[in-house]
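The values are calculated or read from the model by the stated rules, or taken from the named source; none is laboratory data. Keep in mind it's a predicted model, so treat the numbers as computed, not measured. Glycine gets a Cβ as well: all are built from the backbone with ideal geometry, and neighbour counts include every protein chain shown.
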């Protein structure tokens, strides 16, 4: 998969119901990075290394100045060094250093494009490359108290939203207090793992702009497992830019209604909604059937040569709800890649029969719904 993306070598990954998908061409590879130590709370003990079954090679950054995609050169932006956080996450490419540019064309049946977001979601904590445990991502470090009743997470300093605003615990506090625990926000509620034995929400403290402390009456050992499920447990429910969403929240603007907040709380199809993902929505077709996501100029990850990620400039997503129409489009070679875009296992022979003619490869494998 070192080849450049072209019409003769499209990679179509048709994940079918009951089947998953294996690899992604030309997207940021799954990553590993160097965990960074953070001050340890007096009532907690380090837990990041303690849970690891085996060491994982840590990617190192070559002695080189940070570089950015050419499409950003003409934009009025701070230097890349000021955009990638104080401690950028170094990502080791799976095959080789990539080349900047291009548009990845794909398809979904899902208005949220969740099957695609699984691969670009940005969790606070992520699975290690070898799947032996977890390691920090948006969060720089985390730990538990001895009894597991207190879980402390430290956000990576200097991370910014795609509009350049700082990403801090103020955003988490807004989500927790003004959305998750707000009964009027019907579409966003407190998840089960963040509840006490009696079903009430756990307690969360925000001592500073980078630290949050969760407290419960039952152990919180499972927190990293859920936080590592990027799209399902972070991007969709918890990635809430306070500086943007407060403009539509009735608590902060009495002229607004909760319907106004719900309408804009769709980062995947709202060009005004900033993200901390590798991409953010930049365009939506008039009929709402096509999204265009562009690179986040403030994305905090770089490869081992100092190139700010991601490599691809845009992702063009077409929503095709009719299953047969979607299958025919995929097998005709219309898209560069398809994640779980097919129908049922019974359709596998049809995909296989058309692979050579349409110039795509069908990669089968179990789908990891964690999206991390």
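Annotations for the structure displayed:
- Check on residue 131, free of Cβ contacts under 8 Å to residues at least 24 places away in the same chain and under 18 Å from the mean Cα position of the chain (by Cα): yes
- When residue 299 is tested against the conditions (1) buried (at least 17 other Cβ atoms within 10 Å of the Cβ); (2) at pLDDT 95 or above; (3) touching a helix residue (DSSP H, G or I) at 6+ places or on another chain (Cβ under 7 Å), the lone failure is (3).
- Among strands (runs of 3 or more DSSP E) entirely within the stretch 209-324, having at least 2 residues that are more than 20 Å from residue 186 (Cβ to Cβ), free of Cβ contacts under 8 Å to residues at least 12 places away in the same chain and in contact with a strand residue (DSSP E or B) (Cβ under 6 Å, 6 or more places away or on another chain) singles out no element at all.
- Meeting the requirement of 2 or more residues that are in contact with a strand residue (DSSP E or B) (Cβ under 9 Å, 6 or more places away or on another chain) and farther than 27 Å from residue 225 by Cβ, the strands (runs of 3 or more DSSP E) wholly within the stretch 59-135 are 103-108.
- For the stretch 334-354, the candidate set comprises residues that are at pLDDT 75 or above and in contact with a helix residue (DSSP H, G or I) (Cβ under 8 Å, 6 or more places away or on another chain); within that set, the residue that is surrounded by the fewest Cβ atoms within 10 Å (Cβ to Cβ) is 350.
- Members of the stretch 61-119 found to be without any contact (Cβ under 8 Å) to a residue 12 or more places away in the chain and either surrounded by 14 or more Cβ atoms within 10 Å (Cβ to Cβ) or under 30 Å from residue 263 (Cβ atoms) (or both), listed by number: 76, 82
- Being modelled with pLDDT of 95 or more, more than 23 Å from residue 134 (Cα to Cα) and either surrounded by 15 or more Cβ atoms within 10 Å (Cβ to Cβ) or in contact with a helix residue (DSSP H, G or I) (Cβ under 8 Å, 6 or more places away or on another chain) (or both) is not true of residue 207.
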